[in-house]
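The structure under discussion appears below in the form of structure tokens.
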2 protein chains.
Amino acid sequence: MTRVALLGLGTMGAGMAGCLQKAGFELTVWNRTRERTAPFERNGARVAASPAQAAENAEVIIGMLADDNVAQAVWLGDNGALHAAKAGAIVIECSTLSPDFVRQLASWATQRGCGFLDAPVTGSRTQAASGELRFLVGGEVATLDRARVVLKAMGKEIVHFGPVGSGAVMKLVNNFVCGVQASALAEALALIEKSGLDRDAALSILLDGAPASPLFKAVTPRMVSQDYSVYFALELMHKDLSYAVKEAAKHGLPLLTAGAARQLFEQALSKQLGRLDFSAVVEPLRSR
Amino acid sequence: MTRVALLGLGTMGAGMAGCLQKAGFELTVWNRTRERTAPFERNGARVAASPAQAAENAEVIIGMLADDNVAQAVWLGDNGALHAAKAGAIVIECSTLSPDFVRQLASWATQRGCGFLDAPVTGSRTQAASGELRFLVGGEVATLDRARVVLKAMGKEIVHFGPVGSGAVMKLVNNFVCGVQASALAEALALIEKSGLDRDAALSILLDGAPASPLFKAVTPRMVSQDYSVYFALELMHKDLSYAVKEAAKHGLPLLTAGAARQLFEQALSKQLGRLDFSAVVEPLRSR
């Protein structure tokens with residue numbers, strides 16, 4: 001496992017590419033906008049003109065993409081990576097996608113004779129850059145064992161949940177819970193402000209009590225300072241809430257809290273806040 | 001401040017009464033069912049036959065009651081405590097009530113020449129028994145200063161948020177956020193189980209990541225073991241979610257996450273789970 005292709009050099013993909021280079025893999029990168037490939041090219045990466053070209057000699061092909069639609073185009077569209085993947089290569093989807101799409105993609109990969117893992121991550125920009133991501137993996141254990149050396153270069157922990165799609169489900173569970181917590185915090189902050197409570201005293205209760213999650217502690221100062229530099233984009237959280245609701249509905253589970261959070265994120269999207277950090281979900285509540 | 005009356009010896013009130021006796025206050029207790037007064041009587045408390053009788057000689061009158069309806073009857077009903085309260089006494093409402101009702105009660109107390117504080121608590125049975133509650137206080141600072149010695153006997157921290165009603169609002173903010181977190185966790189656990197993920201691995205992600213609040217860590221093992229011994233009753237969490245939604249609506253704030261959580265708690269109530277711990281909110285999701 002020495003030749004690795006990485007598709008997508010966004011915030012997370014860029015950090016992962018740096019880690020792969022540092023670990024000595026022969027890296028080929030592809031990104032929709034070519035500018036972002038430059039730093040990796042300077043460090044010796046090959047830059048592919050298309051996903052297919054990136055995939056053609058790779059032993060491991062990694063995707064780190066925005067959503068189902070982008071992943072569909074990059075893997076299966078014109079010059080899609082799967083059309084060029086060699087039999088025996090391993091496809092690793094690290095994007096946060098719907099489990100249904102992941103299972104379809106796995107079936108296409110299998111038909112080409114490729115191994116497949118869904119391996120979305122927890123952690124943000126910082127952890128991606130320092131190789132301290134946590135991979136949430138679905139797929140065959142034998143495939144995971146073959147790919148482990150590559151994942152190890154980018155992550156501090158690799159957790160296996162079951163067959164193909166299990167990593168995708170776990171990621172949606174984690175993210176919908178985070179989206180709900182952020183939404184509840186936004187509503188709490190809005191109610192605190194509208195009620196004229198001493199805000200610092202009120203926040204100290206929430207941040208030193210039963211609901212004080214790491215997410216609460218990280219997001220509260222951003223909501224207070226209104227500094228929405230992106231850790232995790234609001235539009236991506238909206239997507240994850242939507243995928244989670246859809247996945248749960250297949251099991252007859254309505255996922256009411258995620259549905260409510262999705263509504264709050266939709267309000268924020270409609271106010272053009274999608275590219276800001278997801279903590280900006282509080283803003284539409286303030287301006288009521 | 002030596003003569004204290006305590007109205008309501010439920011899980012929380014009983015712990016508080018013990019602390020007041022330990023601190024040497026002359027305690028009078030009243031409880032709807034008289035059996036619960038026995039241990040305090042043995043330790044020297046006077047047992048009153050009615051809230052009015054409890055209040056008549058007290059310098060501080062504390063309520064720790066279930067909800068607005070109960071508080072209405074105990075303070076303002078036949079033989080209600082406020083009818084007998086002396087001018088100059090301080091009324092401290094520690095129950096979790098709607099801010100509207102609290103403000104009404106304060107206005108009645110003021111008309112009688114009494115001081116008034118709303119001082120609901122965070123902490124549960126354990127903290128009530130050990131005198132380590134946190135009081136969330138609304139009211140005049142001068143009144144709080146006079147009452148502080150009594151609150152100190154029961155709590156490790158006293159936080160002031162603003163005028164009358166502010167403590168009640170803060171308590172609802174804290175509890176609705178907790179109710180939403182418990183609901184999201186319940187939906188997450190149901191989705192994990194229905195999806196056939198490795199449950200222990202999945203929970204380890206939630207309990208070692210961004211959403212891992214003290215509440216998540218406390219509630220998860222109860223949901224997994226299905227041991228619903230009461231820390232905080234499901235029906236009380238439902239009440240708090242309802243009060244929070246109602247209070248926020250006055251500010252034009254819909255509180256969507258609390259509304260979703262309230263629906264989950266209503267499902268659980270309709271299955272007769274109200275007297276169990278609030279972590280039982282997961283059960284109706286499992287049996288779908």
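Counting heavy atoms of the protein chains alone, A:ARG103 has an accessible area of about 90 Å² for a 1.4 Å probe.
Report the one residue of A:ILE205, A:VAL150, B:LEU82 whose Cα lies farthest in the direction of the positive end of the charge dipole of the protein assembly as shown (charges on C-beta: Lys and Arg +1, Asp and Glu -1; origin at the Cα centre). Value: A:VAL150. Of the residues B:VAL47, A:VAL282, B:VAL149, the one with the largest accessible area comes first in the ranking B:VAL149, B:VAL47, A:VAL282, computed with a 1.4 Å probe on protein heavy atoms. When all protein chains stay in place and ligands, DNA and RNA are ignored, the 1.4 Å accessible-area order of A:ASP227, A:ASP100, A:ASP240, largest first, is A:ASP227, A:ASP100, A:ASP240.
Within 10 Å of the Cβ of each residue in B:243-255, the mean number of Cβ atoms contributed by other protein chains is 4. I'd like the antiparallel share, as a percent to the nearest 5, of DSSP beta bridges with both residues in chain A. So the antiparallel bridges in chain A amount to around 15 percent. When +1 charges are put on Lys and Arg Cβ atoms and -1 charges on Asp and Glu Cβ atoms, the dipole computed for chain A relative to its Cα centre reaches about 320 debye. If you count the DSSP beta bridges with both ends in the protein assembly as shown, what percent of them are antiparallel, to the nearest 5? Roughly 15 percent of the DSSP beta bridges within the protein assembly as shown come out antiparallel. Between beta-carbons, use under 13 Å as the cut-off and find the net charge around B:SER50, counting Lys and Arg +1, Asp and Glu -1. Neighbourhood net charge equals +1.
In this Cβ point-charge picture (+1 for Lys and Arg, -1 for Asp and Glu), the stretch B:51-111 has a dipole of about 140 debye about its Cα centre. For B:GLU157, nonlocal amide neighbours, meaning residues 5 or more places apart or on other chains whose placed amide H falls under 5 Å from its own, are B:PHE135. Surface calculation, 1.4 Å probe, protein heavy atoms: B:THR110 sits at approximately 90 Å² accessible. Considering only Cα-Cα distances, which of the following residue pairs are longer than 19 Å: A:LYS217/B:LYS250; B:LYS156/B:LYS246; A:LYS152/A:LYS239; A:LYS194/B:LYS250; A:LYS217/B:LYS194; B:LYS171/B:LYS239? Checking Cα-Cα distances, A:LYS217/B:LYS250; B:LYS156/B:LYS246; A:LYS152/A:LYS239; A:LYS217/B:LYS194 exceed 19 Å.
If you run the Gaussian network model on chain B, springs between alpha carbon atoms under 10 Å, then out of B:LYS156, B:LYS250, B:LYS217 the most flexible one is B:LYS250.
In the context of the full protein assembly, A:PHE278 retains an accessible surface of approximately 20 Å², using a probe radius of 1.4 Å and ignoring ligands and nucleic acids. The stretch A:212-278 and the stretch B:248-288 have their alpha-carbon centroids 21 Å apart. Here r is the Cβ-Cβ distance between B:ARG286 and B:LYS86 and R0 is 51 Å; the resulting FRET efficiency, rounded to 0.05, is 0.45. Shielding of peptide A:90-100 by partners, expressed as the average count of other chain Cβ atoms within 10 Å per residue Cβ, is 0. Between B:SER225 and B:ASP100, the FRET efficiency estimated from the beta carbon spacing at R0 = 41 angstrom works out to 0.60. Ranking A:TRP30, A:TRP75, A:TRP108 from most to least accessible surface, computed with a 1.4 Å probe over the protein chains only, gives A:TRP108, A:TRP30, A:TRP75.
Over the stretch A:3-162, accessible surface divided per residue gives 40 Å², non-protein components excluded, 1.4 Å probe. Partner chain Cβ atoms within 10 Å, averaged over the residues of B:257-270 - can you pull that number for me? For this peptide, the per-residue mean of nearby foreign Cβ atoms is 4. Here the accessible area of the protein assembly as shown is 50 percent carbon and sulfur, with a 1.4 angstrom probe and all protein chains present. Largest GNM mean-square fluctuation across B:ALA85, B:ALA142, B:ALA268, computed for chain B with C-alpha springs under 10 Å, falls on B:ALA142. Taking B:SER124, B:SER204, B:SER50 in turn, the Gaussian network model of chain B (Cα-Cα springs below 10 Å) assigns the largest fluctuation to B:SER204. Debye-formula intensities of chain A, expressed as log10 I(q)/I(0) at q = 0.09 Å⁻¹, are -0.45 (one equal scatterer per alpha-carbon, no solvent). In this structure the amide hydrogen of A:VAL91, modeled in the peptide plane, comes within under 5 Å of the amide hydrogens of A:ILE61, A:GLY115, A:PHE116, A:LEU117, none closer than 5 places in sequence on its chain. The calculated FRET efficiency for the pair B:GLU140 and A:ASN69, based on their C-beta separation and a Förster distance of 60 Å, comes to about 0.55. Between A and B, buried accessible area from a 1.4 angstrom probe totals roughly 4600 Å², ignoring ligands, DNA and RNA.
Treating each Cα of the protein assembly as shown as one equal point scatterer and applying the Debye formula with no solvent, the log10 of I(q)/I(0) at q = 0.07, 0.12 Å⁻¹ comes out as -0.48, -1.06. Under a 5 Å amide H cut-off, with hydrogens placed 1.01 Å from N, B:PHE232 pairs with B:PHE278 among residues at least 5 apart or on other chains. Only Lys, Arg, Asp and Glu carry charge here, each on its Cβ (+1 for the first two, -1 for the last two); on that basis the stretch B:3-162 has a dipole of about 420 debye about its Cα centre.
Listed by chain and number, the aspartates and glutamates whose alpha-carbon sits under 14 Å from that of B:LYS22, ignoring those within fewer than 8 places in the same chain, are B:GLU41, B:GLU132.
Compute the relative contact order of the stretch A:3-162 as a whole-number percentage, counting only Cα pairs closer than 8 Å that sit 6 or more residues apart in sequence. Walk me through the intermediate numbers first.
Values: 340 pairs, mean separation 33.5, N = 160.
Relative contact order of the stretch A:3-162: 21 percent.
Only Cα pairs under 8 Å and 6+ residues apart enter the sum, and on that basis the relative contact order of chain B stands at 14 percent. Only one residue of A:LEU136, A:MET12, A:ILE62 has its Cα farthest out toward the positive end of the dipole of chain A, where Lys and Arg carry +1 and Asp and Glu -1 on Cβ, and that residue is A:ILE62.
The values are calculated or read from the model by the stated rules, or taken from the named source; none is laboratory data. No experiment lies behind these values; they were computed from the predicted model shown. A quick note on method: Cβ atoms are made from the backbone with ideal geometry, for glycine too, and the neighbour counts reach across all protein chains shown. Only protein heavy atoms, including side chains, enter the accessible area calculation; ligands, DNA and RNA are left aside. Shrake-Rupley method; radii C 1.70, N 1.55, O 1.52, S 1.80 Å.
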